[in-house]
Amino acid sequence: MTEVLIKVGFLAAVALNGAIIFTIMDVKGASWMQRRPGPLHVGLRGFIFPLAEILKFVQKEDIIPTEVDRPVFKWAPAYVMVSCVALFAVVPMSPTLVVADLELGVFFALAISSLGTIGVLTAGWSSANKYSLMGGLRAAGQLIAYELPLILAVVGVVIQAETMSLVGIVEKQIEWGVPFVVGGQIIGFLIFMVAATAEMMRVPFDMPIGESELTMGFMTEYSGIRFLIFYISEYMNMFILCAIASTLFLGGYHVPLLPTEWVNFYGPVVLLTKTAILGFILVAIRWSQPRFREDQLQNLAWKILIPASLVNILVTAVMKVGF
Amino acid sequence: MKTFKPKVPGFLIGIKIVIVNMLKTLSPFHSKPNVNYPFEKEKVAPRARGVIALDQEACTSCMLCARQCPDWCIYIEGHKELQPPSKPGGRQRSRAVLDRFDIDYALCMYCGICVEVCPFDALFWSPEYEYSEFNMGDMLHDKERLDGWLKTVPEAEGLES
Amino acid sequence: MEEFFNKIKESFTDATLEFETITIKVDSTEWIETHQNLRDQFNLKFFSWLSAIDWDNEVSVGEAPKESVSPSFEIITCLSDLANTNLIIVSTSIVKSDPKIKSLVEIYAGANWHEREAFEMFGINFENHPNLEKLYLPDGYEGNPMLKSFELISREVKPWPGEVDVEGMPEESESDKSEDG
Amino acid sequence: MVNALDPQNINSFSEASVSVEIETEDMTLNIGPQHPSTHGVLRLVAKVDGEKVHDVKPVLGYMHRGYEKLAEVRTYPQITTLVNRIDWVAGFSNEIPFITGAERLMEIEVPERAKHIRLILTEMARISSHFVFNGAYALEVGALTPIFYAMEDRERVLDLIESVTGGRFHPNFNRIGGVKPAAGAGPTTKKDIQDLPAGFYRDTKVAMQKVIEAADQFQNLIGGNEVFKKRTKNVGVLTAETAEAFGVSGPILRASGVKSDLRTQTDYLPYDQFEYDIPVGENGDCYDRWDVRVKEMVESAKIVLQAIDSMPSGPLQAKVPKVIKVPKGRTYVRAENPKGEMGYYIVSDGGLGPYRLKVRTASFSNISILPNMLEGALLPDLIAIMGSLDFVLGDVDR
């Protein structure tokens, strides 16, 4: 029992810290890209502002509008949060430092990530707000549409690695000497990143939030700590999907040429660096792109990404069998 | 010779622009567009219409400014007093004494008509801008406060011919 | 501009050109025909604006007209031609007791909102208008604000500070004043 | 009643159920008056069927300040203060037609130098207005960064306007017969006629170069972006005929392919002395409306640079009586403002103030086309189309 609690605590701590690092990166990165200093006043030249942010949201009144479906409304943030945290359980930070080295690690991750859809949809539905409803429906449509290319892109990796365990996938990459992104999965990696960005609901796929038309989408009616949970899980989701992407495609906790025997020491650092680089690319994309329209977004998923990922699987399979 | 120039997708150029701007912000050699306001003050143009200063001595309470004000935000009251003659045996002169000169900045539209119409050079523009209040009633500046702004009136600047 | 004015003058007798503005006065019964004519014959396809003037001798705000006028509404439209910059002001007069005129929406679609504005501001009825309702003012607002008889409350409730005058000297006599002046 | 379980009916039943569309109830969606994407307090009551917009009813009046009524109780110099505030994004441009109208009625000839200063500042106001549009429009289609670049570059232009007029948004700088003789500041020079401040030419040249660079940056950052093109091309197409009938003017009309620019077509300011292009769009869609404005910014910067080089010397004020009384008469003066045709119809009765002042604003006519354009659009397109019209609520409601 204690072991489980420690594991859950470890998981939550890593995920929360990752989310906080990504928040700092997003906010500070955004402000620098926009020629402004960004948060300045909370300690260390403003770099620990997420703590102040958290304190602020915790203090705020948790307003629940009268017309809402109360239990559903109250529990919706929890779904989103839990799905994010649980996702990290299978991500290895080194061969031994992994909460659960499952046989079907990839399968578990993808199954858990679709749980968040329910949270978003219930949040939108229960808010008794037209903007929230539209945001929730858009989010549901988008998350379901992009779940497919996300899974299909991973299938290529699974075929190449011949295992579904994430540790196994990383070990295979170490064995190969190059990460999968170089070793034939470049298209799969791009598809995975696009689909992951859509799963995170970040620009250019932030139609569900779409603040210029839907104010804040499914989060419109949330305030106080419940809003904070949505806010944090957005960054948590970003952190974890980036971590999974770097595990699957970029060689995880290992970089070529470094001695494999010390991987337990530098593993977490390497993984975090790779995750942060991917995160920074997402930040740069977020602050430079406009957003897609709802129908264009669906077209991209169904007409481009899914066929492309199917072709990718086919090519990978043929290569695997043929050579 | 035909040079081949591959077409870079527009979204990549966009990412390049934001990253270049990020480096500009971080580099100490580029000017910063921002002013960290409460700690640094912004430099305003000397002509900026910030607040109206009043030279109490020059005012003769002729009411021209109050009459021309589009918003009716200037309130003047005054009376005349007899002054002792300047040289013995001369006539007693009357002098206007200002009892009240209030400008209600909550109403003022900062058009500057009062400054322009003043025939005795009693009103001036000052670029000072820090006089917001929590209470709307405090935006009514009386003649002492208006006189206090006088020392913030800048000297004349150079002109372009 | 002169050339265009001469052309206008051939068709409309009551046309004037003053201060670089061509104005034609028409009877309110010819309102629709005039605009149709101007749009089709003179190619004035650009509908700039429509508004009204309330001519009244009794005014509660501002200055009354210097010369006495007969109380009426003057309705004005401004039409222009984008290519040649011909511009014309069409004006007509209607009685105040029964202010109504035919709507121009059929001819110029843009007249819709301008007519609604004139309707709420002056109380002029535009016949055959698709939805003649208030544009700016809230529901339940009474009165037509642009009428000259409509008081401007802000000027009513507050006295003019310019009226306060410097009190005269107690001992001052008339002769002194004239000497000073 | 068809029995679905009857094997004979299965075929026909499944076909029928595919072809029948689901009947859904329309939802009324209020967009505004407090909404992140409306420029001010415009309220749109939209009937939506899912993402599709059916019937849009704009509700105005949240910002109605009754300037036409207020003008009746004010004198001509006092009205200059008011008209600044109609379209506050380009405050300086609003003064020009009004002052020109009063001057025309009084038959005053304005000195050349004053006209040039007016022209320079008008073009600067146009640039700053288009900067706001550029930033805000990108924000509306979801790009969050361009508005910060736009504001940074606009600040340079606003600083120049402030250094001359003393006001950033409400310059109140034009006087009947010229420009402001004593622009505030300085106890020693208060009564002197004040000219442009020292260093103005140099700073203007720098700022205008930056404007041209900024326009280029916008073309790369927003205009070249594939997502932006997808969002705006062939969205909200406005034909020239419809635009004319509704009285739509300015960049929107030019984007529809009509080469109409009052700067060349009328003589309210000496634009004929300078060389510049009038950008014209082809399709009349949102992208063209955006593109025309960016190009116009560059042209305005070119005009300012030329005007700085050919600045005549001389007085800033014509001789005018101390108490301004405008003779009896009426005139209509229009000008090409950043948002379109702005005009004042002044009916003077020979008094201190006008008997009636009709303000024709560009945005009012421009947004009257909204219900027409939004019919059948998607909800995200609603925002894209509305933003491309570039209106300011002060300009709509007056």
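If we scan the stretch B:92-114, do we find a residue that is part of a loop (DSSP other than H, G, I, E, B), aromatic (Phe, Trp, Tyr) and modelled with pLDDT under 80?
No, every residue in the stretch B:92-114 fails to be part of a loop (DSSP other than H, G, I, E, B), aromatic (Phe, Trp, Tyr) and modelled with pLDDT under 80.
Take the residues in the stretch C:140-159 that are polar (S, T, N, Q) and part of a loop (DSSP other than H, G, I, E, B), then tell me which one is farthest from C:GLY62 (Cα to Cα).
Selected residue: C:ASN144.
Having 2 or more residues that are within 14 Å of chain D (Cβ to nearest Cβ) is the bar; report the helices (runs of 4 or more DSSP H) wholly within the stretch A:1-103 that clear it.
Hits in the stretch A:1-103: A:2-33.
Kindly list, by first and then second residue, each pair from a residue in the stretch B:92-119 that is more than 10 Å from every other protein chain (Cβ to nearest Cβ) to a residue that is basic (Lys, Arg), limited to pairs with Cβ atoms under 6 Å and residues at least 6 apart or on different chains.
Between residues of the stretch B:92-119 that are more than 10 Å from every other protein chain (Cβ to nearest Cβ) and residues that are basic (Lys, Arg), the close pairs are B:PHE101/B:LYS143.
Check the stretch B:121-133 and report whether any residue there is modelled with pLDDT under 80, facing chain D (nearest Cβ under 9 Å) and either buried (at least 18 other Cβ atoms within 10 Å of the Cβ) or farther than 30 Å from D:ILE86 by Cβ (or both).
Yes, the stretch B:121-133 contains a residue that is modelled with pLDDT under 80, facing chain D (nearest Cβ under 9 Å) and either buried (at least 18 other Cβ atoms within 10 Å of the Cβ) or farther than 30 Å from D:ILE86 by Cβ (or both).
What number of residues within the stretch D:101-126 are in contact with a Leu (Cβ under 8 Å, 6 or more places away or on another chain) and of a type outside the set (A, V, I, L, M, F, W, C)?
Pass one, the stretch D:101-126, residues in contact with a Leu (Cβ under 8 Å, 6 or more places away or on another chain): D:111, D:113-115, D:117-119, D:122, D:124.
Filter again for of a type outside the set (A, V, I, L, M, F, W, C), leaving D:111, D:113, D:115, D:118, D:122.
The qualifying residues number 5.
Please give the number of the condition A:ILE225 fails out of (1) of a type in the set (A, V, I, L, M); (2) touching a Phe, Trp or Tyr at 6+ places or on another chain (Cβ under 7 Å); (3) not in a helix (DSSP H, G or I).
It is condition (3) that A:ILE225 fails.
Are there any pairs with C-beta distances below 6 angstrom linking a residue in the stretch A:47-58 that is under 13 Å from A:LEU16 (Cβ atoms) to a residue that is not hydroxyl-bearing (Ser, Thr, Tyr), with the two at least 6 apart or on different chains, and if so which?
Matching pairs, first to second residue: A:PRO50/A:ILE20.
Filter the stretch A:295-309 down to residues that are more than 11 Å from chain D (Cβ to nearest Cβ), out of contact with any Gly (no Cβ under 9 Å at 6 or more places or on another chain) and among the polar types (S, T, N, Q), then give me how many there are.
Going through the stretch A:295-309 one residue at a time, the tally reaches 0.
Any idea which residue in the stretch D:117-175 is surrounded by the most Cβ atoms within 10 Å (Cβ to Cβ), counting only those that are more than 19 Å from the chain's Cα centre (by Cα) and among the polar types (S, T, N, Q)?
Per the criteria, the residue is D:ASN174.
Output the residues belonging to the stretch A:252-275 that are within 16 Å of A:VAL181 (Cβ to Cβ) and not aromatic (Phe, Trp, Tyr).
Once the filter is applied, which keeps residues that are within 16 Å of A:VAL181 (Cβ to Cβ) and not aromatic (Phe, Trp, Tyr), the stretch A:252-275 yields A:GLY252, A:HIS254, A:VAL255, A:PRO256, A:VAL270, A:LEU271, A:THR273, A:LYS274, A:THR275.
What's the total number of residues in the stretch D:231-264 that are surrounded by 21 or more Cβ atoms within 10 Å (Cβ to Cβ), over 17 Å from D:HIS130 (Cα atoms) and not hydrophobic (A, V, I, L, M, F, W, C)?
7
Could you tell me which numbered condition D:ILE324 fails, if it satisfies all but one of (1) touching a residue at least 40 places away in the same chain (Cβ under 8 Å); (2) more than 23 Å from D:ASP87 (Cα to Cα); (3) assigned to a helix (DSSP H, G or I)?
Failing condition for D:ILE324: (3).
If a residue has to be within 7 Å of chain D (Cβ to nearest Cβ) and of a type outside the set (D, E, K, R) to count, how many in the stretch B:134-161 make the cut? Can you show your working first?
Of the residues in the stretch B:134-161, the ones within 7 Å of chain D (Cβ to nearest Cβ) are B:153-161.
With the extra rule that they be of a type outside the set (D, E, K, R), the set shrinks to B:153-154, B:156, B:158-159, B:161.
Residues meeting the conditions: 6.
Looking only at the stretch D:67-89, which residues are more than 9 Å from chain B (Cβ to nearest Cβ) and of a type in the set (Val, Ile, Thr)?
Result: D:VAL73, D:VAL83, D:ILE86, D:VAL89.
When only residues in the stretch D:321-335 that are within 19 Å of D:VAL110 (Cα to Cα) and of a type outside the set (A, V, I, L, M) count, which is farthest from the other protein chains (Cβ to nearest Cβ)?
My answer is D:PRO321.
Just need a number here: residues in the stretch B:46-60 that are part of a loop (DSSP other than H, G, I, E, B), more than 9 Å from chain D (Cβ to nearest Cβ) and buried (at least 23 other Cβ atoms within 10 Å of the Cβ).
Final tally of qualifying residues: 1.
Please pick out the residue among D:LYS358, D:LYS339 that is of a type outside the set (Gly, Ala, Ser) and over 30 Å from D:THR232 (Cβ atoms).
Testing whether each residue is of a type outside the set (Gly, Ala, Ser) and over 30 Å from D:THR232 (Cβ atoms) leaves just D:LYS358.
How many residues does the stretch C:1-26 hold that are surrounded by 14 or more Cβ atoms within 10 Å (Cβ to Cβ), outside any strand (DSSP E or B), free of Cβ contacts under 8 Å to residues at least 40 places away in the same chain and not basic (Lys, Arg)?
Counting residues in the stretch C:1-26 that are surrounded by 14 or more Cβ atoms within 10 Å (Cβ to Cβ), outside any strand (DSSP E or B), free of Cβ contacts under 8 Å to residues at least 40 places away in the same chain and not basic (Lys, Arg) gives 4.
The values are calculated or read from the model by the stated rules, or taken from the named source; none is laboratory data. Small disclaimer: the values here were computed from a predicted structure and weren't measured. Positions of Cβ are generated from backbone atoms using ideal geometry, with glycine treated the same way; all protein chains shown enter the neighbour counts.
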